[in-house]
Structures are given as structure tokens and as C-alpha cells.
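Asks: Quick one: structure below, then a few questions.
The values are calculated or read from the model by the stated rules, or taken from the named source; none is laboratory data. Since the model is a prediction, treat every value here as computed from it, not as a measurement. Because the Cβ atoms are built from the backbone with ideal geometry, glycine has one as well, and the counts that use them run over all protein chains shown.
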Amino acid sequence: MIQKNSPNYRWYILGLAMLAAALIPGASRLCMPVLFQEIAGKLHLNLVSIGTVWGMDPLAGIFIGLPAGLLADRFGIKRTLTVICILAGIFGALRGFSANFLSLAATMFLFGLLSASTPNTVAKVTALWFSGQRLALANALINVAWSLGAMSATMFSATAISPWLGSWRGVMFFWAVPCTALGLVWLFTGQEPAKNEAPEVHAVTVPFSEALSHVAKIKEEWIIGLLTLAHFGATMGFMGYLPLYLRNSGWTTTAADSSITVLSGVGTLGAIPMVLLSDKIGSRKAVLALSILALTAILAFLPFVNSTGVWLLIIIGGFLRSGGPSMINVMIFETKGVGGTYGGTAMGLSGAIGMVGAFLSPPLGNSFADFSAGLPLLFWAGLSILALVPLFFIQSKTNSTLQLN
């Protein structure tokens, strides 16, 4: 194992954070959309029920987002991620024992407590161990890892792992094992940065009340929260509905599932270039606005194009939207008064607000499918474009500011 005093240790810690992002909100969460058709048949669920089940994950995020951030700021990333990874394995496996709508919704909620906690906590890792342009790069790498985990799940869960293990239930158990193992790795090898690592990155733990009262007074964090409400809502609805929409449009199961895989894949390719672009032009807002517009375009045009058009939207739009998650994280940390010390709480606050949209959006959007299969996509396109409104009220960063933060 790389020792803590090694100059490469921060990259080792970032690697562990990337694995957490890949396995929990990536593979263990994104294995669900490609399995929904099989699950619906086995448990006799309709489209609105599927949307509600998918919405249980972000519903849990509404309740856990802020507490998870407070816990990370109070107890540190090692202890917090150890618990998150182990419990994600346990609760993720519990989904495989579901016998009906209620039990699946309940276990999805329990798993959602951990999948919603993970992005906030792994993002805090980047704020503690990195600064300046490396902070943006580290967040891009986290997003790349998430995309790789999502790609693995969407590519293999329905077409390979489920047939191999006998049903969708086996897929839940399959992805649970590495989550639990990663928790043990965090327990025995993870560390917090020491004061002599660098003045700007040493770990400081703060009491719950201090962290909450401090972050709650920062107006910009509430504005970012409103942005994430619209953006997360549109993204969550889209990701859950796309395979079902394409299958019902005559696509084969393999081709429909591949759409999510390709969307995640081009996100992997685009994450780092889009972050480097934000450093070059000195504006996080511009790249985030481009991401929002790209997602809106995918959703707005998808119902009106043929198969070739669908692939073009997914590939081009997916590449351009890939900078969004990293930009939101970095903008939170770069807000005056946040940094690594209050980063977990700030991420938790914006994440909890964003999860309101992610919870309400899937079942509400899916309900419009009774009128037209493309109407949910148009609903999410309208929700996505609303994210531009709060973006106008967020203060821009200059190149000099990006270097100093």
C-alpha cells in the first residue's frame, strides 16, 4: 500500500474515492434502469410504479443529503466512507429480496440513503486533498469513474449478469460485494490529510451546529441548490426512462440498453476536456450552461428523430453535457467561505435540494406517457432549461480566482 507520507498518497485516496463513485451511485444504482423491464414483469409493475421505485433513491437523498455532509465534516472522510460503502453493499443486496412494489420501494429507499450520500462525500475528498486546477481535474476524474461504473452496469447487468445468475435478483447481490469490500479498504488504508500536507488542504472537523449555521448563511449555496433541483430532476427522469422509451419504440433490448451505456461512455470522454475548457476560459458558469443546454437539446429533440438522430443526440449531446456534475461540485467548493472544511455540508445542502427534483421528476414525467411516449422527454426538457435561471445569479469566477482557490 502507498504510505501516507508518499507524494502519491493523495492520488491513492482519489482512486478509492473514484471506486466509491463507480460502484455505488454508478454501477449499483444504474444497473436498475436496464433491469426495469424484467423487474416489472416479475413483480407486475406498471410504468408509474417503476417511476416511483426509481424515485425512491433521490427521495432518500432529500433526507440524507445534508446529514451526510454534516457527518463528513464532523467525523472525516475515512470513517464516513467506510460506513457508506459497507452499508451500500448490505442495502444494495436487500433489493434482491424484494417480492412486490412496496418491498422494492422500501429497499430502494434504504439503498438510496447511501447512493445519495456518496457523491457529497467523495467530492469532499477532492476538496481536502487538491486545490486550484487540480481540484477541477480531481472532480472530473470522479465523474469519469462514475461514468465507467454506470457503463459497466448498463452494458452487462441485463444482458450478461442477470442471465448468468438466473434473474435480476442476482445482479443486486453481484454489485453488493465490491461495495462492501471497498468499505474494508477504506477502514484499513484510508487517512485524512495532515496539517503538513499543505496549508489549504489539512483536515479540520467542525461541530454540526457550526457547519450548518455557517453554510446556511451562504446565499450562493441555496442558489446552486435550486439549479441542482431542476438539473438533477431532468437527468434522473431521463436516465430511468430512456431504455424503456426506446424498447417501446421498437428497439431491441440490447440496443436500448446500449443507449445508456453510450451516454455514460461519451460522458467519460468529455468530463476532463470540459473541465480543462473551464480552466482555459476562466468560467465554470459557461461550461455548466453548455451542459444544461446540451441536456435540454437531447430531451427536446429525441421524440422527433429517427434511430440515427437518437445516436447523434446521445453522442454529441452526451459529450457536451459531461462537464455539468464536475462544474457543480467545483462551484460549491469555490464559493467563498466553503472550501474543504465546510464542503461536505455545502454539498449536502445543495444535494438535498436537488434530490427533491430527482424524486418528483421520474413518476411525474412517466405519468405523461399515457398521453404520448415522447411527452415525458419534453417535460424533462422544460425542467432542464429552468436550471439556467438560478445560474444567472451565481457569481462568475475569473482565471485568477480559479488559480487561487
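Asks: Can you name every residue in the range 294-316 that is farther than 18 Å from Tyr245 by Cα and buried (at least 18 other Cβ atoms within 10 Å of the Cβ)?
Replies: Listed by number, the list holds a single entry, Ala294.
Asks: Restricting to the range 243-260, give me the number of residues that are among the hydroxyl-bearing types (Ser, Thr, Tyr) and modelled with pLDDT under 85. Full working, then the answer.
Replies: Let us first name the residues in the range 243-260 that are among the hydroxyl-bearing types (Ser, Thr, Tyr), namely 245, 249, 252-254, 258-259.
Next, only the ones that are modelled with pLDDT under 85 stay: 253-254.
Residues that pass the stated criteria total 2.
Asks: Restricting to the range 240-283, name every residue that is among the hydroxyl-bearing types (Ser, Thr, Tyr), assigned to a helix (DSSP H, G or I) and either in contact with a Ser or Thr (Cβ under 7 Å, 6 or more places away or on another chain) or farther than 16 Å from Leu312 by Cα (or both). Let's see the steps before the verdict.
Replies: Filtering the range 240-283 down to residues among the hydroxyl-bearing types (Ser, Thr, Tyr) leaves 241, 245, 249, 252-254, 258-259, 261, 264, 268, 278, 283.
Pick out the ones that are also assigned to a helix (DSSP H, G or I) and you get 241, 245, 253-254, 258-259, 261, 264, 268, 278.
Within the range 240-283, Tyr241, Tyr245, Thr253, Thr254, Thr261, Ser264, Thr268, Ser278 qualify.
Asks: Just one of Ala286, Ala211, Ala230 is closer than 30 Å to Phe393 by Cβ, free of Cβ contacts under 8 Å to residues at least 24 places away in the same chain, out of contact with any His (no Cβ under 9 Å at 6 or more places or on another chain) and part of a helix (DSSP H, G or I); which is it?
Replies: Working: Ala211 fails: free of Cβ contacts under 8 Å to residues at least 24 places away in the same chain; Ala230 fails: free of Cβ contacts under 8 Å to residues at least 24 places away in the same chain.
Just one listed residue meets the conditions, Ala286.
Asks: Gly240 passes all but one of (1) touching a Phe, Trp or Tyr at 6+ places or on another chain (Cβ under 7 Å); (2) more than 30 Å from Arg10 (Cα to Cα); (3) modelled with pLDDT of 85 or more; which number fails?
Replies: (3)
Asks: Also, quick follow-up: For the range 335-405, list the helices (runs of 4 or more DSSP H) that sit wholly inside it and hold at least 1 residues that are surrounded by fewer than 24 Cβ atoms within 10 Å (Cβ to Cβ) and at pLDDT 85 or above; which are they? Break it down into steps so the answer makes sense when it comes.
Replies: Numbers: elements: 343-367, 375-385, 388-391, 399-404.
Per the criteria, 343-367, 375-385, 388-391.
Asks: Still on this model: For a quick check of your reading of the model, give me the residue pairs whose first member lies in the range 100-115 and is closer than 16 Å to Gly61 by Cβ and part of a helix (DSSP H, G or I), whose second is modelled with pLDDT under 95 and charged (D, E, K, R), with beta-carbon atoms closer than 8 Å and at least 6 apart or on different chains.
Replies: Pairs that qualify, where the first residue is closer than 16 Å to Gly61 by Cβ and part of a helix (DSSP H, G or I) and the partner is modelled with pLDDT under 95 and charged (D, E, K, R), are Met108/Asp57; Phe109/Asp57; Phe111/Arg29; Phe111/Asp57; Gly112/Asp57; Ser115/Arg29; Ser115/Asp57.
Asks: Still on this structure, I have one more. Hey, any hits in the range 121-129 for a residue that's assigned to a helix (DSSP H, G or I), charged (D, E, K, R), modelled with pLDDT of 90 or more and buried (at least 22 other Cβ atoms within 10 Å of the Cβ)? Quick ask: steps written out before the conclusion?
Replies: So in the range 121-129, the residues assigned to a helix (DSSP H, G or I) come out as 121-129.
With the extra rule that they be charged (D, E, K, R), the set shrinks to 124.
Then drop every residue that is not modelled with pLDDT of 90 or more, which leaves none.
Within the range 121-129 (the criterion being assigned to a helix (DSSP H, G or I), charged (D, E, K, R), modelled with pLDDT of 90 or more and buried (at least 22 other Cβ atoms within 10 Å of the Cβ)), the answer is no, since none of the residues qualifies.
Asks: Same structure, new question: Assess whether Thr80 counts as being among the β-branched types (Val, Ile, Thr), closer than 25 Å to Gly166 by Cβ and buried (at least 21 other Cβ atoms within 10 Å of the Cβ). Full working, then the answer.
Replies: On the way: among the β-branched types (Val, Ile, Thr): yes; closer than 25 Å to Gly166 by Cβ: no; buried (at least 21 other Cβ atoms within 10 Å of the Cβ): yes.
Against the criterion (among the β-branched types (Val, Ile, Thr), closer than 25 Å to Gly166 by Cβ and buried (at least 21 other Cβ atoms within 10 Å of the Cβ)), Thr80 does not qualify.
Asks: Shifting gears a bit: Kindly indicate which of Ser103, Ser49, Ser115, Ser98 is surrounded by 24 or more Cβ atoms within 10 Å (Cβ to Cβ) and among the hydroxyl-bearing types (Ser, Thr, Tyr).
Replies: Working: Ser103 fails: surrounded by 24 or more Cβ atoms within 10 Å (Cβ to Cβ); Ser49 fails: surrounded by 24 or more Cβ atoms within 10 Å (Cβ to Cβ); Ser98 fails: surrounded by 24 or more Cβ atoms within 10 Å (Cβ to Cβ).
It is Ser115.
Asks: Within the range 321-339, identify whether any single residue is of a type in the set (A, V, I, L, M) and over 23 Å from Ile64 (Cβ atoms), and answer yes or no. Before the answer, list the steps.
Replies: From the range 321-339, those of a type in the set (A, V, I, L, M) are 327-328, 330-332, 338; that's our starting set.
Next, from what is left, pick out any that are over 23 Å from Ile64 (Cβ atoms): 327.
Scanning the range 321-339, I find at least one residue that is of a type in the set (A, V, I, L, M) and over 23 Å from Ile64 (Cβ atoms), so the answer is yes.
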